[in-house]
Amino acid sequence: MALSGVEIFKLLPKTNCKKCGFPTCLAFAMKLAQRQASLDACPDVSEEAKKILGEASAPPVRAIILGAGDKAVKMGEETVLFRHEKRFVNPCAFAVNIKDSESDNEIEKKVAMVIASEIDRVGQKLRIDAISIECASNDAVRYEAVTRMVSSRAPDTPIILNCFNASAAEAAVKAIADKKPLLYGARLDNLDAMVNIAKAHKTPLGLYAEGPEALSSLAEKAKAMGVEDIVIDPGAKSAKGIIEGNTQIRRAAIKKNFKPLGYPIINIVMKDDPLIETAIASVAIAKYASIVVLSSIERWKNLALFTLRQNLYTDPQVPMQVEQKIYKIGEPGPDAPLMITTNFSLTYFIVSGEVENSKVPSRLAVMDCEGLSVLTAWAAGKFTASRIAQFIKESGVENEVKHRELIIPGQVAILSGTLEDKLEGWKIIVGPREANGLPTFLKTKAA
Ligand code: SF4
């Protein structure tokens, strides 16, 4: 059970020395209880208290690393049921499933698609994170060969060994143990053998059981046998089953600090109809999955799922921003129009997208307004005539353009007069109120 703030306080030194950054030990204890502080911040806590408090201050969902190297994926460490309570911490990983019964040609094609799946959205690299290799042949020799092939074609991509046959799993794990694959496929009837493989090769172990109750007893057994890094699959395949199973697991972990269910969840979401699969995967992403295994990769599907995941896993307390600078859209010459906007990511991407649509090569001055949108930044005094004038002067754009015309968003038309005074020699042009008016505006201006 989680300790209350008062229970934690009783274990602290009670000297109120403030070295932890809090005014009193009680204030620090309250933050520890809410998991908003780390015990490391108190240098004077006793070893005995550390032992007791270590568990209380650890995230209720254990951190697990899938894979090794630059593309390794961290999962777990979640502390809340709802994003608005604080934030969701580690975005769920997407894996595509490859059956070892498919032809080598098919397998190579899928691996190539995984490697090519990476896109850049709002400054973040998004991709299919892992490959799940399913032992559909039930043939240990074939399974090991396919595992080696996939690993050599995608050396940096984390691998999930999706295999319920312990001897096939053992050969495959041995072949790529240095990649720290997730060995998924332990259940009641093969637990001993799978635990031994995971322990021998220090890989995380994926447990499968029908429903949270059976899963928690399986997890307790695996832990008692010496496995710490566990991923759990409650076996649900439908949207309803995933919502029910995953929610029960997350509630038990977060609200009750119930350790046998305090592990990242894996959902195998594979359907014949890609649309249904995408819909169910969306539910899994929204409801606590740490790994979602898909049957196929399509660009439209990736875009939908990447966007949903990104939106859920951004910190709602931190605005998304892009770098302050002059962005070139197309290949603008010295006569190309110059526009200005703020550095809120969404604003930047919408405005730059519309400028691209216009096919008029342009420059877009993006000003640091702490990630606020145009109107909010203006209302907060961050997108003012003085600050815009200073930014334009310091940006060096005066050396890039022959003209002295700056297009400002229509929503801040009120700034035009003052800005002309502050930015000597420049003409201020009021652009459209909404970004979708930019293509017509720019084309008319260029005509
Ligand atoms: S550093 Fe430790 S002893 Fe000092 S105020 Fe913080 S909790 Fe108390």
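For the stretch 1-154, what is the relative contact order in percent, using Cα pairs closer than 8 Å and at least 6 residues apart in sequence? If you can, show how the numbers build up before the last one.
Working: 196 pairs, mean separation 22.3, N = 154.
Rounded, it is 14 percent for the stretch 1-154.
Mind checking the full-extension length gain between Gln390 and Ala224? Use 0.36 nm per residue of separation minus the Cα-Cα distance, one decimal, nm.
So the extension gain works out to 53.3 nm.
Rg over Rh of the stretch 127-231, using C-alpha atoms and the Kirkwood radius, what does it come to?
Numbers: Rg = 13.1 Å, Rh = 13.6 Å.
Expressed as Rg/Rh, it is 0.96.
Relative contact order for the chain: what is it in percent, counting Cα pairs under 8 Å that are at least 6 residues apart?
Working: 864 pairs, mean separation 50.0, N = 447.
RCO, the chain: 11 percent.
Cα axis of helix 47-57 to longest principal axis of the chain: angle in degrees, 0 to 90, nearest 10?
70 degrees
Below 8 Å between Cα atoms, with a sequence gap of 6+, how large is the relative contact order for the stretch 325-446 in percent? Intermediate values should be presented prior to the final figure.
Working: 213 pairs, mean separation 36.1, N = 122.
With pairs under 8 Å counted, the relative contact order is 30 percent.
Which of rounded, prolate or oblate describes the stretch 64-313 when judged by the alpha-carbon gyration tensor and an a/c cut-off of 1.5? Don't skip to the end; give the middle numbers.
Numbers: a/c = 1.57, a/b = 1.06, b/c = 1.48.
Oblate.
What would the Debye formula give as log10 I(q)/I(0) at q = 0.13, 0.14, 0.25 Å⁻¹ for the alpha-carbon point model of the stretch 378-445, no solvent?
Ignoring solvent entirely, the Cα scatterers give -0.38, -0.44, -1.19.
Take the cross-link list Lys199/Lys255; Lys402/Lys443; Lys202/Lys256; Lys86/Lys328 and give me the ones stretching past 25 Å between alpha-carbons.
Working: Lys199/Lys255 30 Å; Lys402/Lys443 19 Å; Lys202/Lys256 29 Å; Lys86/Lys328 37 Å.
Lys199/Lys255; Lys202/Lys256; Lys86/Lys328, as the Cα separations exceed 25 Å there.
For the charge dipole of the chain, defined by +1 on Lys and Arg C-beta atoms and -1 on Asp and Glu C-beta atoms about the Cα centroid, which residue among Ala379, Val150, Leu423 has the Cα displaced farthest towards the positive pole?
Going by the charge dipole, the pick is Ala379.
Given +1 on the Cβ of Lys and Arg, -1 on the Cβ of Asp and Glu, and no further charges, what dipole in debye does the stretch 152-199 carry about its Cα centre, rounded to the nearest 20?
Values: 6 positive and 5 negative charges, 25 e Å.
For this selection, approximately 120 debye.
Can you list the aspartates and glutamates whose alpha carbon is less than 16 Å from that of Lys50, not counting same-chain residues fewer than 8 positions off?
Glu7, Asp40
Roughly what % of DSSP beta bridges within the chain run antiparallel, to the nearest 5? Working shown, then result.
Details: 12 of 50 bridges.
In the chain, DSSP labels about 25 percent of beta bridges as antiparallel.
Placing +1 at every Lys and Arg Cβ and -1 at every Asp and Glu Cβ, with all other atoms neutral, what dipole size does the chain have around its Cα centre, in debye to the nearest 20? List each step's numbers first, then the result.
Values: 57 positive and 53 negative charges, 198 e Å.
About 940 debye.
Hey, rough spin-label estimate for Lys86 and Ile119, points 7 angstrom out along Cα→Cβ, what's it come to in nanometres?
3.1 nm
Using helices alone, what [θ] at 222 nm do you get for the chain, with -39,500 (n - 2.57) per DSSP H run of 4 or more residues, divided over all residues and rounded to the nearest 500?
On the way: 16 runs with 179 residues, N = 447.
The per-residue figure over the chain is -12000 deg cm²/dmol.
Once the Cβ-Cβ distance between Asn311 and Asp156 is put in as r, and R0 is 30 Å, what FRET efficiency do you end up with, to the nearest 0.05? Let's see the in-between values first.
Working: r = 26 Å, r/R0 = 0.87.
The computed FRET efficiency comes out at 0.70.
Quick one: among Ala136, Ala172, Ala389, which has the greatest mean-square fluctuation in a GNM of the chain with alpha-carbon springs under 10 angstrom?
Residue with maximal mean-square fluctuation among Ala136, Ala172, Ala389: Ala389.
Hey, what's the Kirkwood Rh for the chain if you take every pair of different alpha carbons, in angstrom? Each step should come with its number before you reach the end.
Details: mean 1/r = 0.0398 Å⁻¹.
Computed over the chain, the radius equals 25.1 Å.
Check Val231: other-chain or 5+ apart residues with amide H under 5 Å from its amide H, H built from backbone geometry?
Hits under the 5 Å cutoff: Leu205, Gly206, Leu207.
Compute the Rg/Rh shape ratio of the stretch 80-189: radius of gyration over Kirkwood radius, all on alpha-carbon atoms. Show your work: numbers first, answer last.
On the way: Rg = 15.7 Å, Rh = 15.0 Å.
Rg/Rh for the stretch 80-189 comes to 1.05.
Averaged across orientations, what area in nm² does the convex hull of the alpha carbons in the stretch 313-400 project? Each step should come with its number before you reach the end.
Working: hull surface 24.7 nm².
It is 6.2 nm².
From the P(r) of the stretch 5-57, could you give the percentage of C-alpha pairs in the tail past 16 Å?
On the way: 331 of 1378 pairs.
Here the tail beyond 16 Å accounts for 24 percent of pairs.
State the answer as a single residue: which of Ala136, Thr444, Pro59 lies farthest towards the positive end of the charge dipole of the chain, with beta carbon charges of +1 for Lys and Arg and -1 for Asp and Glu, about the Cα centre.
Farthest along the dipole direction, towards plus: Pro59.
Just to check I understand the Karplus step: with θ = phi - 60° and J = 6.51 cos²θ - 1.76 cosθ + 1.60, what whole-Hz values come out for the stretch 430-447, glycine and proline as x?
Once θ is set to phi - 60°, the couplings for the stretch 430-447 become 8, x, x, 5, 10, 4, 5, x, 5, x, 5, 4, 5, 5, 5, 5, 6, 5 Hz.
Subtract the Cα-Cα distance of Lys402 and Ala72 from 0.36 nm times their separation in residues, and report this length gain in nm to one decimal.
On the way: separation 330, 0.36 × 330 = 118.80 nm, distance 4.82 nm.
Stretched fully, the Lys402-Ala72 segment lengthens by 114.0 nm.
Measure nothing but the geometry: give the 0 to 90° angle between the long axis through the Cα atoms of 385-395 and the longest principal axis through the Cα atoms of the chain, rounded to 10°.
Here the helix axis deviates by roughly 80 degrees.
For the stretch 250-409, what ratio Rg/Rh do Cα atoms give with a Kirkwood hydrodynamic radius?
Numbers: Rg = 21.9 Å, Rh = 19.0 Å.
So for the stretch 250-409, dividing Rg by the Kirkwood Rh gives 1.15.
Cα axis of helix 166-175 to longest principal axis of the chain: angle in degrees, 0 to 90, nearest 10?
50 degrees
Where a ≥ b ≥ c are the square roots of the eigenvalues of the C-alpha gyration tensor, would you call the stretch 259-325 rounded, which needs a/c under 1.5, or, failing that, prolate if a/b is larger than b/c, or oblate? Please report the intermediate quantities before stating the final value.
Details: a/c = 3.00, a/b = 1.29, b/c = 2.33.
Taking the square roots of the gyration eigenvalues as a ≥ b ≥ c, the stretch 259-325 is oblate.
Rank the residues Val141, Val111 as a footprinting-exposure proxy: fewest other Cβ atoms within 10 Å of their Cβ go first.
Details: Val141 10, Val111 20.
Ascending Cβ contact count within 10 Å gives the list Val141, Val111.
Which listed residue (Ile254, Ala304, Ser282) has the Cα farthest towards the positive end of the charge dipole for the stretch 225-340, taking +1 on Lys and Arg C-beta and -1 on Asp and Glu C-beta about the Cα centre?
The listed residue farthest towards the positive side: Ile254.
No lab work stands behind these numbers, since they all come straight from the coordinates. Here the structure is a predicted model, which means the values were calculated and not measured. Glycine also receives a Cβ, built like all others from the backbone with ideal geometry; neighbour counts cover every protein chain displayed.
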